[in-house]
Amino acid sequence: MSRLIDLTLTLQPGMRGVEFEQNTTVAEQGWNTKTLHLYSHCGTHMDAAMHFEASPQTIDRVPLDVCCGPAWVVDIPHIQRRALLGIDCLSGVADEAAPGDALLLRTGWSRHAKDLDVYRNQLPRISQSLADWCVERQIRLLGVEPPSVADVNDLEEVTAIHKTLLGGGVTIVEGLTNLESLTARKVLFIALPLKIAAGDGAPCRAMAIDDPDVTFP
């Protein structure tokens with residue numbers, strides 16, 4: 001039986017880059033509204049290539065067929081803080097992934113989302129060899145649970161990994177959660193970013209259609 005699984009962090013005040021401001025209320029104006037102040041890479045979000053000037057592509061120019069398609073769910077259990085993830089972490093998926101597939105790295109890291117120091121500053125990272133492999137294998141999209149694919153406190157590393165992936169045609173989705181709810185090895189993954197003109201990235205609603213009985217071509 002197919003299930004639609006939400007893989008998106010809930011945006012709420014207190015998260016990095018998220019502030020809400022009450023704009024109107026039913027009592028005073030007749031309706032409730034808020035003004036949202038959102039960092040372009042807050043919560044669950046998609047990076048555009050121009051985030052690191054890997055190409056001129058902006059978030060409003062990311063094709064919808066990149067945002068939706070088959071994705072392998074890769075189990076990487078017992079992840080260590082600041083672990084460097086290599087091709088060996090992909091296990092059998094490394095042999096099965098085809099051009100146009102996506103990878104969702106299930107590390108359980110989203111459990112640290114409320115502890116910003118651990119979540120952001122001690123995250124597991126994509127190695128250069130794994131980034132190169134994704135480009136060579138023509139992986140369509142790479143989804144991870146940490147808020148970045150690389151060490152945000154190391155400008156050389158975070159620039160190199162983002163430029164390799166984004167410049168090589170691999171779209172990045174960061175800040176995924178609830179991957180433990182997926183039961184199939186391969187799912188239909190959907191991540192729809194806000195359509196922001198000339199955007200370097202945007203929060204997105206990420207989800208997966210999970211059905212162990214479905215076989216993807």
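The values are calculated or read from the model by the stated rules, or taken from the named source; none is laboratory data. Here the structure is a predicted model, which is why all the values come from computation and not from measurement. Cβ atoms come from the backbone with ideal geometry, glycine included; neighbour counts cover every protein chain shown.
Taking the condition modelled with pLDDT of 95 or more and in a loop (DSSP other than H, G, I, E, B), does Cys42 pass?
Judged against the criteria, Cys42 is a match.
Please state which of the following conditions Val214 fails to meet, knowing it meets all the rest: (1) in contact with a strand residue (DSSP E or B) (Cβ under 6 Å, 6 or more places away or on another chain); (2) surrounded by fewer than 16 Cβ atoms within 10 Å (Cβ to Cβ).
It is condition (1) that Val214 fails.
Tally up the residues in the range 83-110 that are under 26 Å from Met15 (Cβ atoms) and within 15 Å of the chain's Cα centre (by Cα), please.
Total satisfying the criteria: 9.
Can you tell me how many residues in the range 23-39 are among the aliphatic types (A, V, I, L, M), part of a strand (DSSP E or B) and out of contact with any Gly (no Cβ under 9 Å at 6 or more places or on another chain)?
Going through the range 23-39 one residue at a time, the tally reaches 1.
Identify, please: which residue in the range 38-69 is surrounded by 20 or more Cβ atoms within 10 Å (Cβ to Cβ) and small (Gly, Ala, Ser) and is, among those, farthest from Ile209 (Cα to Cα)?
Ala54
Restricting to the range 124-182, what's the tally of residues that are in a helix (DSSP H, G or I), out of contact with any strand residue (DSSP E or B) (no Cβ under 6 Å at 6 or more places or on another chain) and small (Gly, Ala, Ser)?
Residues flagged as in a helix (DSSP H, G or I), out of contact with any strand residue (DSSP E or B) (no Cβ under 6 Å at 6 or more places or on another chain) and small (Gly, Ala, Ser) within the range 124-182 amount to 4.
Counting only residues that are touching a strand residue (DSSP E or B) at 6+ places or on another chain (Cβ under 8 Å) and part of a loop (DSSP other than H, G, I, E, B), which one in the range 1-22 is surrounded by the fewest Cβ atoms within 10 Å (Cβ to Cβ)?
Among those residues, the one meeting the criterion is Gln12.
Given the options Ile76, Ile126, name the one that is buried (at least 16 other Cβ atoms within 10 Å of the Cβ), hydrophobic (A, V, I, L, M, F, W, C), over 26 Å from Met50 (Cβ atoms) and at pLDDT 95 or above.
Ile76
Among the numbered conditions (1) in contact (Cβ under 8 Å) with a residue 40 or more places away in the chain; (2) surrounded by 15 or more Cβ atoms within 10 Å (Cβ to Cβ); (3) of a type outside the set (Phe, Trp, Tyr); (4) closer than 20 Å to Gln57 by Cβ, tell me where Gly100 comes up short.
Going through the list (1) in contact (Cβ under 8 Å) with a residue 40 or more places away in the chain; (2) surrounded by 15 or more Cβ atoms within 10 Å (Cβ to Cβ); (3) of a type outside the set (Phe, Trp, Tyr); (4) closer than 20 Å to Gln57 by Cβ, Gly100 breaks only (2).
Filter the range 145-182 for residues that are in contact with a Pro (Cβ under 8 Å, 6 or more places away or on another chain) and free of Cβ contacts under 8 Å to residues at least 60 places away in the same chain and give the result.
Listed by number, the list holds a single entry, Pro146.
Among the residues of the range 68-125, write down those that are small (Gly, Ala, Ser), in contact with a Lys or Arg (Cβ under 6 Å, 6 or more places away or on another chain) and more than 17 Å from Arg137 (Cβ to Cβ).
Correct list: empty.
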